Amino acid sequence: MLRLTQEGNIEIADKIYKMKANYKCNNINRRGVSSQDNPISVYDDLYEWNNDNLTCFENMVGLPEALIAELKDIMERFGRGYSASRYDDAYKNLVTLAEIILIGYNSNDKSGGKKEKFANRLAAAIAQDADVQSMHDKALRMYKERSNETHEGNNLNITKEELRELRCAVREMIQNFISFAKNQYGSIADKTFKGIKREYVIGLLARINTLQTRGLLR
């Protein structure tokens, strides 16, 4: 869960061993640290804490245990979006993760199929009004690149920078969802992940309608 709040990842090793020795005969103490490196660890993106990270972390810590258990797959998939040794595998995991939250609720909105629902809802979740169309267009591209790799084996456009942009977008969307879950938990009748997701998407649909009415989202 802590990884979810990160802007990047500077994971050096998955296991760290600490050693301590006390030589009684000459009263000398020795300490040492050794690490076992995992070949699929990601070495990238120096990370800095800020208040946004702290708020998200506090929201996750405060969620009910039952909901945290249901969010386990979400957290694991986000982790695979970091630790996959291939950019295309990580990319697919992250788009699929976003779909689990954004597309899983079978609503009645007429928005042109899954890719348009994906783009509209991701933009509504994370973009400011002035940037919502730009984020929508980026989300369409992200969905297209995932489809190209999945169905055609074409991953030429899935670069390190493209993957990082997707990670940031999906991270922000999950943070937004977790904040919603924390704030609305008491008033939602169906307190399962599915029930909370339904209410979350209904809220996104209302925002999408407002943005389209104002001409900010095509």
Using beta carbons and a limit of 6 Å, which pairs, at least six apart or on different chains, have the first residue in region 118-140 and without any contact (Cβ under 8 Å) to a residue 24 or more places away in the chain and the second one surrounded by 13 or more Cβ atoms within 10 Å (Cβ to Cβ) and part of a helix (DSSP H, G or I)? Ala127/Met135
Given the condition within 30 Å of Ile68 (Cβ to Cβ) and of a type in the set (Val, Ile, Thr), answer yes or no: does some residue in region 180-189 qualify? yes
Taking the condition more than 16 Å from the chain's Cα centre (by Cα), within 27 Å of Pro64 (Cβ to Cβ) and either at pLDDT 90 or above or not aromatic (Phe, Trp, Tyr) (or both), does Arg207 pass? yes
Among (1) free of Cβ contacts under 8 Å to residues at least 24 places away in the same chain; (2) surrounded by fewer than 19 Cβ atoms within 10 Å (Cβ to Cβ), there is one condition Phe180 misses while meeting the rest; what is its number? (2)
Quick one: Ala206 ticks every box in (1) touching a helix residue (DSSP H, G or I) at 6+ places or on another chain (Cβ under 6 Å); (2) surrounded by fewer than 13 Cβ atoms within 10 Å (Cβ to Cβ); (3) aliphatic (A, V, I, L, M) bar one, so which box is it? (1)
Subset of region 198-218 [in contact (Cβ under 8 Å) with a residue 60 or more places away in the chain, assigned to a helix (DSSP H, G or I) and hydrophobic (A, V, I, L, M, F, W, C)]: Val201, Ile202, Leu204, Leu205, Ile208, Leu211
Considering only residues that are aliphatic (A, V, I, L, M) and over 15 Å from Leu94 (Cβ atoms), which ones fall in region 160-212? Ile178, Ala181, Ile188, Ala189, Ile196, Val201, Ile202, Leu204, Leu205, Ala206, Ile208, Leu211
Give me the residue from region 122-145 that is surrounded by 20 or more Cβ atoms within 10 Å (Cβ to Cβ) and modelled with pLDDT under 95 and, out of that set, nearest to Arg171 (Cα to Cα). Met142
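The values are calculated or read from the model by the stated rules, or taken from the named source; none is laboratory data. Bear in mind the structure is a predicted one, so any value in this text is a computation, not a measurement. Neighbour counts run over all protein chains shown; Cβ positions are idealised from the backbone, glycine included.
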